[in-house]
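One structure is given below, encoded as structure tokens.
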């Protein structure tokens, strides 16, 4: 065998080994990336499932609290809004007395899954009214609530979907989250300017 033939043979062997090594490295890299990708997807799925689980749990808690309030005949539950976030229940709206508000908080606190209760309830002004007056007031309050929500929605810098509006006898209660104290004051000012609003109870919370 000539020197040239030997050299060519050795070159072929070296190149073959290099190609095999490169192929093995590529397969190892792809396998590593695949495992990393699967692990990443798994984490995302776990995170999403956790969020869905929290949402379902909060919805179930809200439903149980509402059912508990309905069972208490001494509580006018139709005027109470219930919102749950990570086990924390917020009660907002209007009740007939302070005792009624305290009872509502106790009922909510005793519901399975509730970690704490935020009391945003207000005692409505008392007074004897006829059925026709009550219906008229309810219609007026619903109209005021709609006008306030529409006005807030028209303000582009206000996340109105995070703001709750409840109206009883012309008194508007604002609940939910805003970005700053200035924005909370802005929402209150807009609400006060709506026709039919007698006063505003500002229970907005600033969330950075």
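The values are calculated or read from the model by the stated rules, or taken from the named source; none is laboratory data. Remember, it's a predicted structure, so these values are computed and weren't measured experimentally. Neighbour counts run over all protein chains shown; Cβ positions are idealised from the backbone, glycine included.
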Cross-chain or 6+ apart pairs with Cβ under 7 Å, segment 87-99 first and part of a strand (DSSP E or B), then modelled with pLDDT of 90 or more and surrounded by fewer than 13 Cβ atoms within 10 Å (Cβ to Cβ):
88/115; 88/116
Take residue 65 and decide whether it is within 22 Å of residue 163 (Cβ to Cβ) and assigned to a helix (DSSP H, G or I).
yes
Of the residues 74, 18, 34, only one is outside any helix (DSSP H, G or I), at pLDDT below 85, out of contact with any strand residue (DSSP E or B) (no Cβ under 7 Å at 6 or more places or on another chain) and farther than 23 Å from residue 203 by Cβ; which?
74
Scanning segment 113-151 for residues that are touching a helix residue (DSSP H, G or I) at 6+ places or on another chain (Cβ under 7 Å) and either within 21 Å of residue 66 (Cα to Cα) or modelled with pLDDT of 90 or more (or both), which turns out surrounded by the most Cβ atoms within 10 Å (Cβ to Cβ)?
148
Residues that are touching a strand residue (DSSP E or B) at 6+ places or on another chain (Cβ under 8 Å) and either part of a strand (DSSP E or B) or closer than 14 Å to residue 103 by Cα (or both), drawn from segment 77-86:
80, 81, 82, 83, 84
